[in-house]
Amino acid sequence: MGNCCSDEVGHGAGRHSVGPAASVAEAASAAADRFLRSRGAGASTQIELSLSASILGDQQYFSKSNPMVIVYSKSNDGALEEIGRTEVILDSLNPSWNAKINLQYQFEVLQPLVFQIYDIDPQFHDVSEKMLKLEEQQFLGEAICNLSEVVTKQNRLLTLKLGVSKHNLPNSSKFGELTVQAEESAGSKALMEMVFHCSDLEIKDLLSKSDPFLLISRISENGTPVPVCKTEVRKNDLNPKWKPVILNLQQIGSKEKPLVIECFNFSSNGKHDLVGKIVKSVAELENMYHSQDGENFFVPASTAHDCHSKEVLKSQVYVEKYHENNRHTFLDYISAGCQLNLMVAIDYTASNGNPRLPDSLHYIDPSGRPNAYQRVILEIGDILQYYDPAKRFPSWGYGARPIDGPVSHCFNLNGSTYHPEVEGIQGIMSAYISALHNVSLAGPTLFGPLISTATATASQSLTTNQQKYFILLIVTDGVVTDFQETIDAIIKASDFPLSIVVVGVGGADFKEMEFLDPNKGGRLESSTGRVASRDVIQFAPMKDVHGMCFS
C-alpha cells in the first residue's frame, strides 16, 4: 500500500468537512472504522496537555507554595510510569504551568492518568526538575482521570478535584483543583502526499527485470534509520511509478530533517537487494517536485577504504507529485459534536450451556469473576462509553425463547416492549443477567434480524440530522446459520452510520465466520447483486480482541 502513514487518507479524511454540515458517514471513516481495524496504533494522535491549578493547599506557614506537577500513566496492575514534569512555579497557590506534557492518545485504549502536585523546598530551586527527589518534597494533592475524559469534554478541558491517596496528610488540608486541557499537536494533522518514480534502474535478477520498492526511513538521534513508510512492489519494472506515499509531520519530526529513501529489489526470501538510495528532507523533495529534476541514486562504494565514500549511479528518482494538506482527525469529529453510540447484542442460544452450571459461557460466578460475555462488554464498553454523553445503550439478546412466546432473534434485554436502551455499562450487565432468568436458551444463531434492527436505529438518526455514529457489538459462541440474510443486512447497513464488531467467545471453530470480514474473506454480495458501499464489519475471536485492541 502506498498509504503507509494511516488509512484515514485512503478514506478521504483529509478532505472531509467538520461541523454541522459534515455527514455522519464521513465521520465514520475517521472514527469508528479506524476503531474496527485498530491493532495497537488505531485512531491515535499526539496530544499536548496544559495544566493549571487553583486554591492549592498552603503547606508552609510563612510563604505560598512552590508547586510542580508530575504526570504518570497507570497500568492495569496499578503501576505508575512517569510521562513528564512541569517546571516549578514560585510562590503561587493558583499556578499555570508553561511546560506541556506530551503523550500519544489512542482511541481504542483506556489511558488512566495520575497527576501529583508537590511543593518544592526552596533549597532545591537550583536543581533541575528532572533531578528532584519527590520524597524530599511536600505532597500537595493528587487527581486521576482517563485521557478520553479530557478529550471528549467541551474545549477538551477538564477540572479535577485534588485529593490524597496513600499520602498521609491531615484531614484539614486544602487541596484545591487541577485543570487539564488537551490540544492536538499540529504535526498530527499535517500530511504530505508524494508520488515517486524512477528511471533506468539496475537489473538485479538474472532471468527477469527487477521488482523494486521504496523504503523511507527517518534518522534517529543516534544516527540509525527508523522505517516509517514502504511502497508496494512493482513487478518486472526498471522505470517504476508507485502509488502515493503519505507521511505526516509527526512521523518525521520536521520538513527539514533528512529522510533515507532506499530502493530495493524484492526477494521472496526477505533478503532484498539494495538498488540505490538518496538522503533528502521533505523540503528538498518538495523542491525536486517543483524543479522536476531527478536525483541520482548512490550506493556505498564497495572498493573504497573510506566508509563515507559512495558510488553514484545513473538510476534516478523523481518526485512526480507533492501535495500538503491538513487532515481532520478523530478528535475533530468528536469536538464537532459527533457521538459514538454503542449497541450490544448477546447470544442466548442453547450451545452456551446451562447458565446454572460452571461450564456454561453464561455462568455467573458468585465470586464476581466476569464470564466471557461480561469481559467483552466491559472491555469494549469501558472505552466507548466516554464518547456517548447520554450513556444510554440499546441492548438486545437473540436465539432465546421468552417465557410466554416463540424463539426470538432480537429481543430487548431490559424486558421492555418498545425501548431497548439501558443506563450505562452496568445497566447492560444487569439487563444481561436479568434476561438469563427470564428466557430459555434455544437457537439457531441468526444475525440478520439484529443487524436490520440496528440499521433502523442508525437510519432514524440520519432523518433527524443527529451527529451520531453507531457501533453494534455482537457477542456469539457459534457460527451464523442465516448466511445470505446476514450478508444482505450488512450490505444495507453500509449505507448508514453503523459499523459492526462481532466477537466470538468459547471454543467453537469460528473459521467460517471470517466470510463476514472482507479483510479476511472475499467480497460480500447481496442476493440482488449489490456490494457494500464501504467495509462495515469485523470479526475476531475473543483471544484476538483481548490484548490487541484493548490492552
**Complete:** Scanning segment 434-451 for residues that are surrounded by 19 or more Cβ atoms within 10 Å (Cβ to Cβ) and of a type outside the set (Val, Ile, Thr) gives 435, 436, 441, 443, 446, 447, 448, 449, 450
**Asked** What is the residue count in segment 464-499 for residues that are in contact with a strand residue (DSSP E or B) (Cβ under 8 Å, 6 or more places away or on another chain) and acidic (Asp, Glu)?
**Response** 1
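Being open to solvent by less than 50 Å² (accessible area, probe 1.4 Å) and more than 30 Å from residue 47 (Cβ to Cβ): is that true of residue 283 here?
No.
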**Request:** Answer yes or no: is there a residue in segment 333-353 that is more than 30 Å from residue 456 (Cβ to Cβ) and in a strand (DSSP E or B).
**Result:** no
**Failed criterion for residue 540 (all others in (1) touching a strand residue (DSSP E or B) at 6+ places or on another chain (Cβ under 9 Å); (2) at pLDDT 90 or above hold)** = (2)
**Prompt:** Residue check, residue 233 against (1) of a type in the set (Val, Ile, Thr); (2) surrounded by fewer than 19 Cβ atoms within 10 Å (Cβ to Cβ); (3) within 24 Å of the chain's Cα centre (by Cα); (4) at pLDDT 90 or above, all met but one. Which one?
**Reply:** (3)
**Asked** For segment 259-280, what are the residues that are under 13 Å from residue 212 (Cα atoms), touching a strand residue (DSSP E or B) at 6+ places or on another chain (Cβ under 9 Å) and open to solvent by 40 Å² or more (accessible area, probe 1.4 Å)?
**Response** 266, 272, 273, 274, 277
**Request:** Just need a number here: residues in segment 337-377 that are among the acidic types (Asp, Glu) and crowded, with 17+ Cβ neighbours inside 10 Å.
**Result:** 1
**Fill in**
For segment 350-363, pairs from a residue that is farther than 19 Å from residue 402 by Cα and modelled with pLDDT of 95 or more to a residue that is open to solvent by less than 20 Å² (accessible area, probe 1.4 Å) and in a helix (DSSP H, G or I), with Cβ under 8 Å and 6 or more apart or across chains, are 360/352; 361/352; 361/372; 361/373
**Prompt:** Which of (1) modelled with pLDDT of 90 or more; (2) touching an Asp or Glu at 6+ places or on another chain (Cβ under 8 Å) does residue 65 not meet, given it meets every other one?
**Reply:** (1)
**Prompt:** Could you say which residue among 330, 298 is within 30 Å of the chain's Cα centre (by Cα) and either among the aromatic types (Phe, Trp, Tyr) or open to solvent by less than 10 Å² (accessible area, probe 1.4 Å) (or both)?
**Reply:** 330
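Looking at 405, 415, which is the one that is assigned to a loop (DSSP other than H, G, I, E, B) and either at positive phi or open to solvent by less than 10 Å² (accessible area, probe 1.4 Å) (or both)? Reasoning before the result, please.
Working: 405 fails: either at positive phi or open to solvent by less than 10 Å² (accessible area, probe 1.4 Å) (or both).
Every option except 415 fails the conditions.
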**Fill in**
Taking segment 239-252 and keeping only residues that are in contact (Cβ under 8 Å) with a residue 40 or more places away in the chain and buried (at least 17 other Cβ atoms within 10 Å of the Cβ), one is left with 240, 242, 244, 245, 246, 247, 248, 249, 250, 251
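With the condition being among the aliphatic types (A, V, I, L, M) and over 21 Å from residue 323 (Cβ atoms), I'd like the strands (runs of 3 or more DSSP E) fully within segment 207-255 carrying at least 1 qualifying residues.
Numbers: elements: 212-219, 225-230, 245-248.
Correct list: 212-219, 225-230.
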**Prompt:** On the given criteria, is residue 452 of a type in the set (S, T, N, Q) and modelled with pLDDT of 90 or more?
**Reply:** yes
**Message:** With the requirement that a residue be assigned to a helix (DSSP H, G or I), open to solvent by 10 Å² or more (accessible area, probe 1.4 Å) and modelled with pLDDT under 90, what does segment 461-496 give you?
**Reply:** 462, 463
**Item:** Which listed residue, of 346, 425, 334, 403, is under 14 Å from residue 437 (Cα atoms) and of a type in the set (A, V, I, L, M)
**Value:** 403
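Kindly indicate whether any position in segment 377-384 is over 30 Å from residue 481 (Cβ atoms) and either at pLDDT 95 or above or part of a helix (DSSP H, G or I) (or both).
Taking segment 377-384 first, the residues over 30 Å from residue 481 (Cβ atoms) are 382-383.
If we keep only those that are either at pLDDT 95 or above or part of a helix (DSSP H, G or I) (or both) as well, we get 382-383.
Within segment 377-384 (the criterion being over 30 Å from residue 481 (Cβ atoms) and either at pLDDT 95 or above or part of a helix (DSSP H, G or I) (or both)), the answer is yes, since at least one residue qualifies.
One line per residue, one yes/no per condition, for (1) at pLDDT below 90; (2) over 14 Å from residue 66 (Cα atoms); (3) part of a loop (DSSP other than H, G, I, E, B); (4) among the acidic types (Asp, Glu):
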| position | (1), (2), (3), (4) |
| --- | --- |
| 90 | no, no, yes, no |
| 103 | no, yes, no, no |
| 113 | no, yes, no, no |
| 116 | no, no, no, no |
| 126 | yes, no, yes, yes |
| 130 | yes, yes, no, no |
**Fill in**
A careful count of residues in segment 390-402 that are surrounded by fewer than 23 Cβ atoms within 10 Å (Cβ to Cβ), assigned to a strand (DSSP E or B) and within 32 Å of the chain's Cα centre (by Cα) gives 2
**Asked** Within segment 116-133, how many residues turn out to be more than 38 Å from the chain's Cα centre (by Cα), within 19 Å of residue 53 (Cβ to Cβ) and among the β-branched types (Val, Ile, Thr)?
**Response** 0
**Item:** Enumeration of residues in segment 418-444 that are more than 20 Å from residue 498 (Cβ to Cβ) and not in a helix (DSSP H, G or I)
**Value:** 418, 423, 437, 438, 439, 440, 441, 442, 443, 444
**Message:** I'd like the full set of residues that are touching a Leu at 6+ places or on another chain (Cβ under 7 Å) and of a type in the set (Lys, Arg), limited to segment 77-115.
**Reply:** 100
**Asked** Could we say that residue 256 is within 33 Å of the chain's Cα centre (by Cα), open to solvent by 60 Å² or more (accessible area, probe 1.4 Å) and modelled with pLDDT of 90 or more here?
**Response** yes
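The values are calculated or read from the model by the stated rules, or taken from the named source; none is laboratory data. Every value quoted in this text rests on a predicted model; they were computed, and no experiment measured them. Using ideal geometry, Cβ is built from the backbone for each residue, glycine included, and neighbour counts are taken over all protein chains shown. Keep in mind that these areas ignore ligands, DNA and RNA; they rest on the heavy atoms of the full protein, side chains included. Shrake-Rupley method; radii C 1.70, N 1.55, O 1.52, S 1.80 Å.
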